[in-house]
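The values are calculated or read from the model by the stated rules, or taken from the named source; none is laboratory data. Because the structure is a prediction, the values reported are computed rather than measured. We place every Cβ from the backbone using ideal geometry, glycine too, and count neighbours over all the protein chains shown. The protein model used for the area step is the full one, side chains on, heavy atoms only, and it has no ligands, DNA or RNA in it. Shrake-Rupley method; radii C 1.70, N 1.55, O 1.52, S 1.80 Å.
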Amino acid sequence: GLEEIAPKPVQDTGNILKQGYLEKRSREHSFFGSEWQKRWCVLTRRTFYYYANEKSKQPKGTFLTENYSARLAFHLRKDSRKRCCFELICPGKRTYE
């Protein structure tokens, strides 16, 4: 049979610009509104990855950053963290909050 090749964790690529925990707003809306989920995020020159935590081998999501821009978005929260909020925006694609 064929051997499955395990995907190389992004931490091994040497191309990491920034990494750390961020809170990401989920796409699913509940009765109480959108939930904020703590995710381990990794930014390389071309790609943004987010994982359940820093030990995870497989990302929960990934997207190319090429056409995305960032802007501050204080309106996203009402608590003390509102000054840290930002959006990643790309026309015609999902906005990440």
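Values as computed for the structure displayed
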{"quantity": "Sum of side-chain charges, residue 74 neighbourhood, beta-carbon under 9 Å (Lys, Arg +1; Asp, Glu -1)", "calculated": "+3"}
{"quantity": "J(HN,Hα) series, the stretch 50-62, from Karplus relation 6.51 cos²θ - 1.76 cosθ + 1.60, nearest Hz, glycine and proline x", "calculated": "9, 10, 4, 7, 5, 8, 5, 8, 10, x, 7, x, 7"}
{"quantity": "Alpha-carbon gyration tensor eigenvalues x 5, square-rooted, for the stretch 35-95, Å", "calculated": "21, 17, 9"}
{"quantity": "Radius 11 Å from Cβ of residue 27, net charge of other residues (Lys, Arg +1; Asp, Glu -1)", "calculated": "0"}
{"quantity": "Accessible area of residue 62 in the full protein assembly, 1.4 Å probe (Å², nearest 10)", "calculated": "80"}
{"quantity": "Whole-Hz couplings from phi, Karplus 6.51/-1.76/1.60, listed for the stretch 63-80; x for Gly and Pro", "calculated": "7, 6, 8, 3, 9, 8, 10, 10, 8, 5, 9, 4, 5, 5, 9, 10, 8, 5"}
{"quantity": "Proximal lysines relative to residue 82, as straight alpha-carbon distance under 26 Å, when same-chain residues fewer than 8 apart are discounted", "calculated": "18, 24, 38, 60, 93"}
{"quantity": "Candidates per trypsin sites (Lys or Arg not before Pro) in the stretch 16-79, loop by DSSP, up to 12 other Cβ within 10 Å", "calculated": "45, 46, 55, 57, 78"}
